[in-house]
Amino acid sequence: FKAPSRDHPALYRDLLRTNRVHWIAEEPPAELVRDKMMECHLRFRHQMALVPCVLTLNQDGSVWVTLVKPARAITPGQFAVFYKGDECLGSGKILRMGPSVYTLQQGKNREESPKKEEMDKIEPAT
């Protein structure tokens, strides 16, 4: 897919899934195990700015990553590296991505998207 411009909404996504995360401390952080979710930061390209996100731990050790705001050009095969403050927590290979901002704006795939359930887990409905 070639987007019409560098900042086209089709290039932006705010949900991704990794494979089983390799944790530096060998175990997932206690907060993530206890709450099944945890706020932290993510980097998926060398030297890019850290992006705030929420991790949701899956049974198989993989994580869903919900970005606080959509990021550009996330690609399967890249590694998502997780940080808490200055500490590197671990990393996982990006396997799947949620719908692009463009797709969400078009209103397509709303029923197929994991977005709704994921957001319900993260933010209680008001």
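How big is the charge dipole of the range 9-100 about its Cα centre, in debye rounded to the nearest 20, if each Lys and Arg gets +1 on its Cβ and each Asp and Glu gets -1 on its Cβ?
Using only the charged Cβ atoms, the result is roughly 460 debye.
Can you work out the accessible area per residue across the range 9-100, with the rest of the protein chains kept in place, probe 1.4 Å, in square angstrom?
Working: 4880 Å² over 92 residues.
Spelled out: the 1.4 Å probe surface of the range 9-100, per residue, equals 53 Å².
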Along the charge dipole of the range 9-100, which of T56, A71, N19 sits closest to the positive end, that is, farthest toward it, with unit charges on the beta carbon of Lys, Arg, Asp and Glu (+1, +1, -1, -1)? A71
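Please arrange K84, K36 by accessible surface area, largest first, computed with a 1.4 Å probe and ligands excluded. Write out the running numbers ahead of the final one.
Details: K84 80, K36 110 Å².
These residues rank, largest area first, as K36, K84.
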Describe numerically, in nm with one decimal, the distance between label points set 7 Å from Cα along Cα→Cβ at L50 and at A73. 2.3
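Between beta-carbons, use under 12 Å as the cut-off and find the net charge around Y83, counting Lys and Arg +1, Asp and Glu -1.
That works out to -1.
Of all accessible surface on the range 9-100 at a 1.4 Å probe, what whole percent is carbon and sulfur? Present the calculation step by step, with values, prior to reporting the outcome.
Numbers: 2570 of 4880 Å².
Of all accessible area on the range 9-100, carbon and sulfur atoms account for 53 percent.
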Which distance in nm do the two modelled labels at D35 and N58 give, with both placed 7 Å along the Cα-to-Cβ direction? 2.2
Please identify every one of the chymotrypsin sites (Phe, Trp or Tyr not before Pro) in the range 1-71 that sits in a loop by DSSP and has no more than 11 other beta carbons within 10 Å of its own beta carbon. F1
Starting from the Cα coordinates of the range 9-100, work out the convex hull volume and express it per residue in Å³. 87
For the pair Q105 and H22, how long in nm is the line joining their label points, each one 7 Å along Cα→Cβ? 3.7
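The values are calculated or read from the model by the stated rules, or taken from the named source; none is laboratory data. All values reported here derive from a predicted model rather than from experimental measurement. No Cβ is skipped: glycine too gets one built from the backbone with ideal geometry, and neighbour counts run over all protein chains shown. Ligands, DNA and RNA are stripped out before the accessible areas are found, and what is left, the full protein with its side chains, is counted by its heavy atoms. Shrake-Rupley method; radii C 1.70, N 1.55, O 1.52, S 1.80 Å.
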